[in-house]
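Q: Got a structure here, written out as structure tokens. Questions coming.
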Amino acid sequence: MAIGVNLDVIMAKRKISAGELSDKIGITPANLSILKNNKAKAIRFSTLEELCKVLDCQPGDILEYIKED
Amino acid sequence: MWNPNKSVIASSICTKITIGIVIGIILTAPYLVNGYVGYAAKNPAVIRPLLVTIYACAVPGLIAMLSLNKLLANIKKKAVFIEKNVKLLRRISWCSFAVSGILFVSGFYYLMFVFIAFAAAFFGLILRVVKNVIEQAVAIKNENDFTI
């Protein structure tokens, strides 16, 4: 996939667990796991906004463009 | 009160009855064909080709009915837009085309079969389009399910 999700990196930096994060942003742990493992096909602006708010970061800290050959 | 759930149950019952009828026809085909040839005063030489046609059509017919039964069981479990259902629809469609082919060849000794062959091919074509629609719906559902 061309867009990578670096959620675990920023979660480790903020020292927040998956359960706590899913509770705070209001999504299920299963959906957070899909997001963390790069299985998601898309992310809603509302989810991204909540992630940025809770993790105190920018969308660019979570999402990364990976060039494909 | 009539509702979609009862409709699925009614379809499921009809499918099971049809499976029973197909099995019944397979088991009693020689008697049925002999009776028909005697009643309609047909040439006894058609008995063997008629039996070949019936048995050849029974195989894809039975596969199609069993697939339909599985499809309805999935719908009952609320699993509608899944890859398995696309496969089942594709199988039923191919069964219709197979029956159509068999009946088209059988049209060489009994012309009426050619018309039924066209009907079966038309049915197969409709199912193929429905399969394409469901295939797209599965892709959209997957995208929706994986949008977080």
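Q: Hey, fewest Cβ within 10 Å first, where do B:MET65, B:MET1, B:MET112 land in order? Present the calculation step by step, with values, prior to reporting the outcome.
A: On the way: B:MET65 20, B:MET1 3, B:MET112 10.
In order of increasing Cβ crowding within 10 Å: B:MET1, B:MET112, B:MET65.
Q: How many nm separate the modelled label positions at B:LYS6 and A:LEU63, each set 7 Å beyond the Cα in the direction of the Cβ?
A: 4.9
Q: For B:GLY124, what is the net charge nearby, where nearby means another residue's Cβ is under 13 Å from its Cβ and Lys, Arg count +1, Asp, Glu -1?
A: Around B:GLY124, the surrounding residues sum to +4.
Q: Still on this structure, I have one more. Take the alpha carbon atoms of segment B:68-136, find their center, do the same for segment A:37-54, and report the distance between the two centers in whole angstrom.
A: Taking the Cα centre of each part, segment B:68-136 and segment A:37-54 sit 42 Å apart.
Q: Further question: Label points 7 Å out from Cα along the Cβ direction at B:ASN34 and B:PHE122: separation in nm?
A: Label at B:ASN34, label at B:PHE122, 3.7 nm between them.
Q: If only Cα atoms are counted, what is the Rg of the protein assembly as shown, and what is its Dmax, in Å?
A: 27.8, 89
Q: Give a residue-ordered list of calculated ³J(HN,Hα) values for segment B:137-148 (Karplus: 6.51 cos²θ - 1.76 cosθ + 1.60, θ = phi - 60°; whole Hz; x for Gly, Pro).
A: For segment B:137-148, the Karplus curve yields 5, 4, 5, 5, 5, 4, 4, 5, 5, 9, 9, 9 Hz.
Q: If you don't mind, there's one more thing I want to ask. Quick one: which of A:LYS36/B:LYS84; A:LYS53/B:LYS78; A:LYS39/B:LYS78; A:LYS67/B:LYS70 span more than 32 angstrom between C-alpha atoms? It would help to have the intermediate numbers written out before the result.
A: Working: A:LYS36/B:LYS84 28 Å; A:LYS53/B:LYS78 37 Å; A:LYS39/B:LYS78 24 Å; A:LYS67/B:LYS70 44 Å.
Going by Cα-Cα distance, A:LYS53/B:LYS78; A:LYS67/B:LYS70 fall outside the 32 Å limit.
Q: If each DSSP helix of 4+ residues adds -39,500 (n - 2.57) and the sum is divided by the residues in chain B, what number results at 222 nm, nearest 500 deg cm²/dmol?
A: -30500 deg cm²/dmol
Q: To the nearest 0.05, what FRET efficiency results for B:ALA41 and B:ALA73 with a Förster distance of 41 Å applied to their C-beta separation?
A: Result of the calculation: an efficiency of 0.35.
Q: Same structure, new question: How far is helix B:47-76 tilted off the main Cα axis of chain B, in degrees rounded to 10, range 0 to 90?
A: For B:47-76 against chain B, the angle is about 20 degrees.
Q: Rounded to the nearest 0.05, what FRET efficiency is calculated for A:SER33 and B:ILE26 with R0 set to 45 Å and r the Cβ-Cβ distance?
A: On the way: r = 50 Å, r/R0 = 1.12.
Working from the Cβ atoms, E equals 0.35.
Q: As a test of the definition: which semi-axes, in Å, follow for segment B:2-48 when you take the square root of five times each eigenvalue of its alpha carbon gyration tensor? Largest first, please. Intermediate results must be reported in sequence, preceding the final value.
A: Working: eigenvalues 257, 22, 8 Å².
Gyration-tensor ellipsoid for segment B:2-48: 36, 10, 6 Å.
Q: One quarter of the convex hull surface, Cα atoms only: what value does that give for chain A in nm²? List each step's numbers first, then the result.
A: Values: hull surface 17.4 nm².
Over every viewing direction, the Cα hull of chain A projects on average to 4.4 nm².
Q: Something else about it: Taking one equal scatterer on every alpha-carbon of chain B, how large is log10 of I(q)/I(0) by Debye at q = 0.09, 0.11, 0.18, 0.20 1/Å?
A: -0.38, -0.54, -1.09, -1.23
Bear in mind that the values in this text are calculations on the coordinates, not laboratory data. Remember, predicted model here, so these are calculated numbers, not experimental data. Note: ideal-geometry Cβ built from the backbone for every residue, glycine included; neighbour counts use all protein chains shown.
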